[in-house]
Structure formats: C-alpha cells, structure tokens
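Trainee: Sharing a structure here in structure tokens format.
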Amino acid sequence: MMLKLWMVFCLLGVGMVCVYGDKKNHNGDEHVLLCKVLRTAVFSYKSNSGSRAEAHVTYNYIGSEDEGDLETLKGTLPGNYDVQNGRNRGIVCGQPPDGSSRTGEKPRWPGHSAPHDLLCLCTVGPDGWPFISGTSIDSSHDTKLCGYTKEVLKAEGNKGWTINGSEGKDQMTATWTNVTKKCLEDDGQGGELKEALKQFIDKLSHTGDSTYQDMHRLGEGDFSKYPCGGNKKLCVMYYNSTQYEKLMPWWVVLAKATQNEVQKQEKKKDNKAENLKQNAQKQRQPQEQDQPLPQHEARTAALRSAPQDSQENEQSNPENFSSPLATSEETSGTFIIPPCTWFLGAFLML
C-alpha cells in the first residue's frame, strides 16, 4: 500500500500558446496533460488499482507525507510559500534544486511535486500577465491561462506572482483553489498512468545546456540564465542532471518506478506461466505410468521376468541343446514359460 501511495503522490519545449480562432489559452495543453497525470494517479490511489510502487511515489510527489493526507492537501495553499525563498517565483520555478537558494524550512524547487508545478504554470505573472500587457487589458475574455479567465485567477489590479515575492499571494491562492485542487479530484475516468505520463513528458521542451547539460521546460519561456520568473515566462524548468537523487523532478522518479513495475509484472507473468507448465507436466507423469503396455512390449516384459532357476533347468535339458526354442514348443505341444509368468503376460495385454 505504501509503495502505491508513493507513486500517486509522486505526481503531485518552448511552451506553446494554444490558439482557438482568435482566442489564446496560455499553457493550455501543458495544464491539461499535467492535470491528467494527477487525476489518473488519484484514481489509481483511491481505487487501489495501482501497485505499491505507484502509491509510494505518488504519495511523496503529489505533496509530501508531512503535509497530511490528500484531503488536507486540497484544502488551502501550503505555508511553504510564505517563507522568503518560497515567495520568489524565479527560485522555486526556475532555478536548479541543489543551489544555495534551497535553504529554509521545507523548501520548494522545480519538479518538487505536480501541484507545485501547476502553481508555477498557471499563476498570473507580474502586472497581471498574460491578461494585462503594458496598458492593454483583455476585456473580451479571449485570453486565458490554463483554461481560466482573469477573474477566476485574480488578475485584476495589475497584480501577480513575481520574483520579489512581495505580491502574488492572492493570485497563488486563486490558482491553488481553482486549478490545482480540481486536478487533485478523482474524475472517475481512470486511465493508464504510464500513458498519461508519457504524453506529459513528450510535451516538454529540452536543451543540452553547457552548465546543467540536461534541462527540460514545461510552459512558456526560454532557456535563459533566469527562466520562469513570471514576466512572459510562465513555466517550470527541470534540471535532470542534479547530483541528488531526492531532488530529481517528480516525473523522472515516477517514470522509473512505472517502468520497474512493468518489468516486475512481466516477470511475475512469466513465472506464473512456467509454474503452470511444470504443474501440468507433473500431472501427466502418473497418467503415463498407468497406461497398459502394448502387446509386444508386455510379451517381452513377461519373458524377461521369468524365474532364473526355470531358465537354468531348461538350459540343462539335453533336448534343448539339439533344438531351438521354437522347435521344442512345436514338438512338445507345450510352452516352456511357467504358467504364472504367462498369466502375468496375458493380464498386462488386456
């Protein structure tokens, strides 16, 4: 059960802007794919349909054990974003996890959990971006972020989550309540966690940076030195080359656990098939031993089982030296095999 919990809570490119006619849905596809992974994991966890590995991964990466159960996590925005580094969007969404900025109580980093990444992906940026750009304010509801309007995400008042952390608490809370919480709900559709995770990973943008070698981005932005700070950079930057295993992005750990589980199930399937084969062979062996011998084999077995002293007496008979066995039978009209042995041979031939 704990391994399954671990995997369910483990969840939780250039980012493209989805365009539907004249309407723009920033980070729309990314939100849908990430949310699908979360919902699939929650369904697996609640229905107890996943493995112990999936459960354990999920439990740690949807949130963490010290944040309580799933219902508690869905309640309110965790307090980890009230500390100095936790308020800095550029740090918790865009900087590598093994830097000096990873200090303080219960720090966050890109890839810490799926709910955290949703916060980076779907919270309004500085000055209300993308709903407000300079002096241009979207009043037609054509612009959306992760499928939601500016009213839902509290984009009014030119406020948003920034790198200085002095603003954005209301916008972060709105995202947690209206976006993250809904993705933690079981939609009843279930689905294959492995497939949902694959679709999510395929959406990531990748680059081989000279410093970090292996970087992946989810959402709008670039691969600059200071990515995902919120100003036209609403994204999450993953650093897969970190030297600390526990700081690897949640989806890397989950993909590995999922693959291990697939291999484990295949091995169990092969072992089961081999056991069935061996049991079938064991059941056939007694049946084969009980089958009557063919007539010629029974006759041969009867001849071989004749008493040794009878054979010696027959060999000492002078008549036997002058005539072969078949001739003696013909001349005497009787068989040289003792009656008891002939009866045994006849019984086996029935």
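Every number in this text was worked out from the coordinates using simple rules, so none of it is lab data. Computed from a predicted model, the values in this text were never measured in an experiment. Here the Cβ is made from the backbone with ideal geometry for all residues, glycine too, and neighbour counts use every protein chain on show.
Trainee: Report, in listed order, any pair from Lys182/Lys225; Lys169/Lys256; Lys182/Lys256 with a Cα-Cα distance greater than 28 Å.
Mentor: As for pairs spanning more than 28 Å Cα to Cα, those are Lys182/Lys225; Lys169/Lys256.
Trainee: Return the equivalent ellipsoid semi-axes of the range 144-188 as a descending list in whole Å, where each equals the square root of 5 times an eigenvalue of the C-alpha gyration tensor. Write down the numbers at each step before the final one.
Mentor: Values: eigenvalues 97, 29, 10 Å².
Ellipsoid half-lengths, sorted descending, are 22, 12, 7 Å.
Trainee: Could you compute the net charge surrounding Lys233? Neighbours are other residues with a C-beta less than 14 Å from the C-beta of Lys233; K and R count +1, D and E count -1.
Mentor: Values: positive: Arg89, Arg217, Lys225, Lys232; negative: Glu30, Asp127, Glu220, Asp222.
So the environment of Lys233 carries a net charge of 0.
Trainee: So, one more: Around Gly125, under 13 Å between beta carbons, what's the net of Lys plus Arg minus Asp minus Glu among the other residues? Display every interim value, and only then the final one.
Mentor: Numbers: positive: Arg89, Lys150, Lys154, Lys159, Lys232, Lys233; negative: Asp127, Glu167, Glu220.
Within the 13 Å Cβ shell, the charges total +3.
Trainee: Quote to one decimal, in nm, the extra length available between Glu156 and Ser224 on full extension: 0.36 nm per residue of separation minus the C-alpha distance between them.
Mentor: On the way: separation 68, 0.36 × 68 = 24.48 nm, distance 2.87 nm.
Fully extending the segment from Glu156 to Ser224 adds 21.6 nm.
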